[in-house]
1. Kirkwood hydrodynamic radius, computed over distinct alpha-carbon pairs, for region 407-470: how many Å, to one decimal?
2. Could you tell me how far the Cα centroid of region 3-69 sits from the Cα centroid of region 182-238, in Å?
3. To one decimal place, what Kirkwood hydrodynamic radius in Å is obtained for the chain from all pairs of distinct Cα atoms?
4. Ranked by Cβ crowding within 10 angstrom, fewest neighbours first, how are C415, C464 ordered?
5. With a point put 7 Å past each Cα toward its Cβ, work out how far D64 is from E37 in nm, to one decimal.
6. Would you list R397, R381 from fewest to most Cβ contacts within 10 Å?
7. Under 5 Å between amide H atoms, partner at least 5 residues away or on a different chain: which partners does E172 have, H built in plane at 1.01 Å?
8. Which distance in nm do the two modelled labels at K167 and L293 give, with both placed 7 Å along the Cα-to-Cβ direction?
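Derivation of every value follows stated rules applied to the coordinates shown; laboratory data play no part. Quick caveat: nothing in here was measured; it's all calculated off a predicted structure. FYI the Cβ positions are ideal-geometry reconstructions off the backbone, even for glycines, and counts take in every protein chain you see.
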Amino acid sequence: MIFTPQQYQIPDRPHVPFIVPEEIERILAENASPAPERVREVVERSLSRHRLSLAETAVLLNADSPESRIQILEGARRLKQEIYGNRIVLFAPLYIGNRCINNCAYCGFRKDNRNAARRTLTDAELVRETEALEDEGHKRLILVYGEHPFYSPEYIARTVRTVYGVKKGNGEIRRVNINAAPLDIEGFRTVKEAGIGTYQIFQETYHPEAYRKYHPSGRKADYAYRLTAFDRALEAGIDDVGVGALLGLHDWRFEVMALIRHTNHLEACYGVGPHTISFPRIKNASDVKADGLQVVGDEDFIRLVAVLRLAVPYTGLILTAREPAALRDELIAYGVSQIDGGTRLEIGGYSSGTEEQDLNREQFQLNDDRPLNEVIASLVRQGRIPSFCTACYRKGRTGEHFMEFSVNGFIKRYCTPNALLTFVEYLEDYASEEIRNAGLELAKNELSRMKESGDEKTAEETECRLERIRRGERDLLF
């Protein structure tokens, strides 16, 4: 379902900046201190699978009473379960290089940080890093690059092809996403031809004044160029994009509203919103020069995740290992659909086996440094299905086509079987006996639930493919 936004001060046109701070602040002010009845009305609208307007989102963001908080959290929990079921998608970030021409005040990669250990992986090192990730069972990666002329579109495309070419045993990377600098249209076309999945760019903060404060120099100082990056990406044919804001640079309510406004802009201009939304909280980093930060506490953080889930029911929500394990476990219930596991931020850290954190070698501080097998064991204990699925991307169910399928229950009907297939692959190839036994029992119970819900045909087809996997076949998908 494509959302048709209300008329904005700046009409949505391709390549035209669309954020008006006064507009967002006005909508927040107009919906201050909402009555519990109004909050309940908005939550019910979301549970009916309707995208929320900015005004409706503002209602939830401003709902501070204990009663309203419970309504929001329980509504998000219910919606997450109805749409996504028990699955949770797993990926790993792979840092390619940390050379950078920007001076972002909060980032350990900032140009003026003389303590940073600058490094870019060689081709041989990239192969070793990919093999190390495959040895753990990963199938989905996001490659991360500093913003520097060395990391050109051609360079990014070459590293993507290198990663796809690494096969070790039953290991292979089936989806490579990108976190890199904004490109021009030709640059985006170049990386698309390499077969990338999602191209992820964080605006960091959508508030122009705060943006200028924290991005004083470098290419990234151009707020408008960054804001309109996905207009260029979509025109270049990349229909899976990931937006994000770094929480703590400005008021968190404003940032959530701006993320929804960005979603509305892309839908209005191109008929498709972002594939994912990210909302990392700012963490400690080497030689940080940021002041005046607006720290987001855990209670507000939990609520904003729930509000995002209610506002954009079918958009993936990513929560990274910046956050501690216990909080990540809690937030999965309220809307998070993708997490990283076994994350190492140091360049070359996967193959070197480095476990101790060194902020001079990393972009920021991690708070969940569990290896992938421990993350999976924890998910299994919670009754969640770890998924390494890449089926929609490889079957062409992306962009507008993804939106068409997802609103009709497609995600749950197809993603749960594909999650089971990739999970059992992991259990057969990489899991300990204890995790394997517990995981197979979980898969069996999930198949029973599918049958009980009336989808016996899909359950039977899934069982047949699972048996083929146990006999040695791989990469079966719906």
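1. 12.0 Å
2. About 25 Å separates the Cα centre of region 182-238 from the one of region 3-69.
3. For the chain, inverting the mean 1/r across all distinct Cα pairs yields 22.7 Å.
4. C464, C415
5. Once both label points are built, they end up 2.3 nm from each other.
6. So the residues, fewest neighbours to most, are R381, R397.
7. Placed amide hydrogens put nothing under 5 Å from E172.
8. Distance between label points: 4.5 nm.
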